[in-house]
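S.K.: Here it is, the structure in full.
The values are calculated or read from the model by the stated rules, or taken from the named source; none is laboratory data. Not measured: the values here are computed from a predicted model. Cβ sites come from the backbone with ideal geometry, for glycine too, and all protein chains shown count toward neighbours.
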Amino acid sequence: MNKDMEWYLKEYFGYEAFRPGQASIIKRVLEGQSVLGLMATGGGKSVTYQLPALMLPGITVVVSPLISLMVDQVQQLRTKKRIPAAYVNSTQDPAEAREVLQKIATGACKLLYISPEKLQQPYVQHVLNQAGVSLVAIDEAHCISAWGHDFRTDYLRLPDTLKQLGNPPVLAVTATATTAVRNEICSLFGIAQEHVVVQTLNRANIAYDLAEVNGESERRQLTFELIDRLEGPGIVYCSTRQAVDVLVAAYQLDGKRRVDGYHGGMNSMERMLIQTQFLAGELDVIIATNAFGMGIDKPDIRFVIHYQLPASLEAYSQEIGRIGRDGRPGYAMLLYAQEDIQIHQYMLDKEYPTPLQVQQFFQHYRAGAAFDAQTLAMIDMSEEMAAMLTFYTERALSGAQVSSSTEVTNPVQDIWQKTEKRKAVKRKKLSEMVSYVLAESCLRKHLNQYFGEKDHSYQHFCCSRCGLSRAAYEGERMVMVQPEAQNRWNLRQALDKLLPKK
DNA sequence: CGTTTAATATGTATATATTAAACGGTGCCATACT
C-alpha cells in the first residue's frame, strides 16, 4: 500500500516524498478510518484527501466553506493534475448543476466540492449514493466550531447530513484548533483520539509584535509607516468595512505602495479582481475585514498588521497564519486600544436573540409559518437569526421527544438558554483575546499554549516580549509607542465585564 | 459604546462649533422582485 501511495504522489502531484504528517493521515484514511488532521498553514493539507480520492473506489466529497475555494481547487485539479473533479453550487443554473450531478451519478468524477448547505439537498444525496461515497473530507474544519453554532448552523448539521450518505469515513482538516475544538469535531464525527494527527502548530518563522495605541491618528500613522517600511506583500486587518474604506482612501492619497481594500460589502467581481491582483503581485498590501484570506494560496506574505483587536485568538491565529507559508521570516503586528472591544460586544449582542425574539419566533414556527421576508419584517428579525433559531428549535423539539418521560421543559426557555450559552462562549473568546494583549509573558508561548502546542522554538525573532524591537526587525529606527497605564487599567475593567460573574 | 457623518446654530458670509442620528462581520441558498 505504501508503494502505491508514493506512486500516486509522484504521478499526480509531482512530489518525491510526503511532507510531515501527510503519510500518516493518508494511511489511516485508506484503511477506512475517520481522521482529524491538524497541519500548520502551508503543510499540504489538500493532498491528504485528494490522493486517497484517486485510490478509493467511490467518490470523495469535499465540504468547502467558500465557493471561491471550490472554484480554485477544482480548476487546479483539472488543469494541473488532470484529476476529474467538479463542484455544485449556486453559481450554476439548474441545467448546469443537473449536468454535473448526472456525470457524478455515472462515477465519472473522483472529487465533488460542495457546501454543507447544498449537501443537504435530497437530490444531491441521491446522486452521491448512486456513485457511492468513499470519503467525506471537511476542509477548513474549524468552521464547524467557529460558524456552526450561529452563523452557518448547517455545519453542525453535517453529522445528520452524512447519515443520509450512509456514514462514510470523515477526514477533517484545519490549521487552527484548540483542544476544545478538536474534541467537538471528534465527538461529532466519531473520530477516535488515536486518529487525531497533529503537526506542530508553532510558526517558528513569524515574529510577534504588539503595541497599544492612543487615538485614531496614532493608529493610522503607525500602520502607514509599517506599510511603507516593511518588505514584501502584506495584509492589514480591520474590524469594520468602514475602517477598510477609510484607510484605503487615506493611504492611496500619498502612500508609497500599491494598496487596495477587500470586504464583504464589495461585489464578487471586485473581490475576485483584488484577490487576483494580490496573488499575482500586482498589489502589495490588502486592507481587509476578516472576509479576506481563507484558503488563499500565497506563500510569500511577509507581514500582517492588525489595525484593531480581532474577536478571538482563533481568528487572530488564522489571520496571522497566512504569513510566510514559504518558511521565510515574517512579521505580525497587533495594534490595539481599549475601545476596540466595543464593536465586538455590539455584534455579539446583536447576533443573539432576546427572550422576546425567541418567543415570537417560536410562535410562528409552531404555527407552521414560512420565514419569508415579510414574516421576518413583521417580527423584526434578520434572516441570519431566524436560521439560527430554526436550528435550535429543531434541536429543542427533537430532544424533547426523546426525553419526554422525564420532564416537560418550556422549549422557548430551553432555546434561549442554549443561545445564551453560545453567547457566553463567544464573550469568553473575546476576553481571552484581551488577556493576550494584557499578559506580560511571551506572546508565542501564550498563543501556542492556547492551542495546546508545546513547541515554542523560533528561527530569527520570538516576540516583542522577548526582545524583538521593530527597529531590529526592520533594520532601522522607528518610533516606539509607550503604553499608557490609564488605558491598560480601563482595558482590565472591560475584561472584568466580559468574564462571567461568580 | 465609539466613531463618523449629517444637520443645525451662529449672526450676517464663511467657516467653525455644537448637537443629533446612523452605523457596525463572516456566506451559503432560495425566493421574490425587476
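S.K.: Give the residues of the range A:334-343 that are near DNA strand B (Cβ under 8 Å from one of its atoms) and of a type outside the set (A, V, I, L, M), sorted by residue number.
M.R.: Of everything in the range A:334-343, those that are near DNA strand B (Cβ under 8 Å from one of its atoms) and of a type outside the set (A, V, I, L, M) turn out to be A:Q338, A:E339, A:Q342.
S.K.: Would you mention how many residues in the range A:351-388 are within 13 Å of DNA strand B (Cβ to nearest atom) and part of a helix (DSSP H, G or I)?
M.R.: So the count comes out to 12.
S.K.: Among (1) surrounded by fewer than 18 Cβ atoms within 10 Å (Cβ to Cβ); (2) away from DNA strand B (no atom under 15 Å from the Cβ), where does A:A95 come up short?
M.R.: Result: A:A95 fails condition (2) only.
S.K.: Pick from A:L119, A:L77: which is buried (at least 19 other Cβ atoms within 10 Å of the Cβ) and within 13 Å of DNA strand B (Cβ to nearest atom)?
M.R.: A:L119
S.K.: If I ask for residues that are at pLDDT below 90, out of contact with any Leu (no Cβ under 9 Å at 6 or more places or on another chain) and not in a helix (DSSP H, G or I), which ones from the range A:192-220 would you list?
M.R.: A:T200, A:N214
S.K.: Can you tell me which residue is farthest from A:V236 (Cα to Cα) among those in the range A:255-264 that are surrounded by 14 or more Cβ atoms within 10 Å (Cβ to Cβ) and within 11 Å of DNA strand B (Cβ to nearest atom)?
M.R.: A:H263
S.K.: Restricting the first residue to the range A:346-373 and requiring it to be more than 17 Å from A:Q417 (Cβ to Cβ), which pairs with a second residue that is within 16 Å of DNA strand B (Cβ to nearest atom) and of a type in the set (G, A, S) meet a Cβ separation below 7 Å and a spacing of at least six or different chains?
M.R.: Close Cβ pairs satisfying both conditions: A:F371/A:A386.
S.K.: Just to check your reading of the model, which residue among A:I323, A:I286, A:I296, A:I301 is crowded, with 19+ Cβ neighbours inside 10 Å, under 19 Å from the mean Cα position of the chain (by Cα) and within 13 Å of DNA strand B (Cβ to nearest atom)?
M.R.: Result of the check over A:I323, A:I286, A:I296, A:I301: A:I286.
S.K.: What residue, of A:S239, A:S217, is within 8 Å of DNA strand B (Cβ to nearest atom) and among the hydroxyl-bearing types (S, T, Y)?
M.R.: Answer to the check: A:S239.
S.K.: Within the bounds of the range A:172-189, is there any residue that is surrounded by fewer than 20 Cβ atoms within 10 Å (Cβ to Cβ), assigned to a loop (DSSP other than H, G, I, E, B) and of a type in the set (A, V, I, L, M, F, W, C)?
M.R.: No, the conditions are met nowhere in the range A:172-189.
S.K.: Please count how many residues of the range A:145-171 are more than 13 Å from DNA strand B (Cβ to nearest atom), buried (at least 21 other Cβ atoms within 10 Å of the Cβ) and touching a residue at least 40 places away in the same chain (Cβ under 8 Å).
M.R.: The qualifying residues number 4.
S.K.: Further question: Which one of A:L56, A:L51, A:L38 is more than 20 Å from the chain's Cα centre (by Cα) and buried (at least 21 other Cβ atoms within 10 Å of the Cβ)?
M.R.: One residue alone meets the criteria, A:L51.
S.K.: If you don't mind, there's one more thing I want to ask. Of everything in the range A:304-320 that's within 12 Å of DNA strand B (Cβ to nearest atom) and under 16 Å from the mean Cα position of the chain (by Cα), which residue is nearest to A:L222 (Cα to Cα)?
M.R.: Ranking the qualifying residues of the range A:304-320, first place goes to A:P310.
S.K.: Within the range A:126-144, work out how many residues are outside any loop (DSSP other than H, G, I, E, B) and surrounded by fewer than 19 Cβ atoms within 10 Å (Cβ to Cβ).
M.R.: Residues flagged as outside any loop (DSSP other than H, G, I, E, B) and surrounded by fewer than 19 Cβ atoms within 10 Å (Cβ to Cβ) within the range A:126-144 amount to 3.
Yes/no per residue for (1) among the polar types (S, T, N, Q); (2) under 21 Å from A:R322 (Cβ atoms):
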position	(1), (2)
A:M5	no, no
A:A17	no, no
A:A23	no, no
A:E31	no, no
A:S34	yes, no
A:M39	no, yes
A:S46	yes, yes
A:G58	no, no
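S.K.: Tell me, please, whether a residue that is at pLDDT below 95, surrounded by 11 or more Cβ atoms within 10 Å (Cβ to Cβ) and more than 30 Å from A:R241 (Cα to Cα) can be found in the range A:398-405.
M.R.: Yes, the conditions are met somewhere in the range A:398-405.
S.K.: Looking at the range A:415-441 only, could you name the residues that are more than 25 Å from the chain's Cα centre (by Cα) and either in contact (Cβ under 8 Å) with a residue 60 or more places away in the chain or buried (at least 18 other Cβ atoms within 10 Å of the Cβ) (or both)?
M.R.: Selection gives A:I415, A:W416.
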